[in-house]
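Visitor: Questions regarding the structure given below will be posed in turn.
Here, each number is a calculation from the coordinates, and none is a lab measurement. Being a predicted model, the structure only gives us computed values, none of them experimental. Positions of Cβ are generated from backbone atoms using ideal geometry, with glycine treated the same way; all protein chains shown enter the neighbour counts.
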Amino acid sequence: METSGKIECRLQFSHAAMTMRKIGRISFGGTAAIVTSMALITGLNAVGTGKATLITALLIAALADNITDSLSIHIYQESQRLDEREAFIGTLSNFTTRLLGSLSFVIIVVVFPPHVVVPGSIIWGMLLLGVLSYLLARDRNVGVLSEVIKHLVVAAAVIIISKGIAYFLI
């Protein structure tokens, strides 16, 4: 009886660890794509850039900065002696998540009129970040509301700083 209880506990722990690892694979790339995109759109809009410049900046972040971050994550995982296959999957997951997240903001810039882009991007980004924070908090068994609020406040600070930099330079 005691052995089956230990096995069940190990299976539950293993399932929880696997779920966290899967969410962990998208959490860094997703967060980076969301917050960076909102900051770029807000900051560049504050200096009066056009759609082409916004799209270019978002694509540079989606590709060049994403490749750099993915390489950094991969090298870090190797330094932690993570299994080669796991490191590759983590790197690929990060790249894909960040690329898709960034491209969702490109779509907002392309589709919506200029006066809707900033508020639309902030609403979309905060929604995505809120959902990601919710999933992470549930998997970690911590207070969902406090985690979501904490992450949204940090994102709001980044947006305010980005807009402030733009106004400072004008």
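Visitor: How high is the relative contact order of the chain, given as a whole-number percent (alpha carbon pairs under 8 Å, six or more residues apart)?
Guide: Once normalised by length, the contact order is 36 percent.
Visitor: May I pose another question? Under a Cβ-only charge scheme (Lys and Arg +1, Asp and Glu -1), can you give me the dipole magnitude of the chain about the Cα centre, in debye to the nearest 20?
Guide: My answer is approximately 240 debye.
Visitor: Based solely on its DSSP helices, what 222 nm [θ] is calculated for the chain when runs of n ≥ 4 H residues each add -39,500 (n - 2.57) and the sum is averaged over all residues, nearest 500 deg cm²/dmol?
Guide: -31500 deg cm²/dmol
Visitor: Here's a follow-up. For the pair Leu152 and Ile55, how long in nm is the line joining their label points, each one 7 Å along Cα→Cβ?
Guide: 3.2
Visitor: Okay, next question. Relative to the longest principal axis of the C-alpha atoms of the chain, give the angle of the C-alpha long axis of helix 114-140, reported between 0 and 90° and rounded to the nearest 10°.
Guide: 10
Visitor: Shifting gears a bit: Once you have a ≥ b ≥ c as the square roots of the Cα gyration tensor eigenvalues for segment 50-115, tell me rounded if a/c is under 1.5, and otherwise prolate or oblate according to whether a/b is larger than b/c.
Guide: prolate
Visitor: Separate question: What ³J(HN,Hα) values, in whole Hz, does the Karplus curve 6.51 cos²θ - 1.76 cosθ + 1.60 give for segment 98-109 when θ = phi - 60°, with x put for Gly and Pro?
Guide: So the Karplus estimates, Gly and Pro as x, are 5, 4, 5, x, 5, 5, 5, 6, 4, 4, 4, 5 Hz.
Visitor: Working from Cα positions, state the angle (0 to 90°, nearest 10) between the long axis of helix 144-169 and the longest principal axis of the chain.
Guide: Once rounded, one gets 30 degrees.
Visitor: Assuming a ≥ b ≥ c are the square roots of the Cα gyration tensor eigenvalues, decide whether the chain counts as rounded (a/c under 1.5), prolate (otherwise, with a/b larger than b/c) or oblate.
Guide: Judged from the Cα gyration tensor, the chain comes out prolate (a/c at least 1.5, a/b above b/c).
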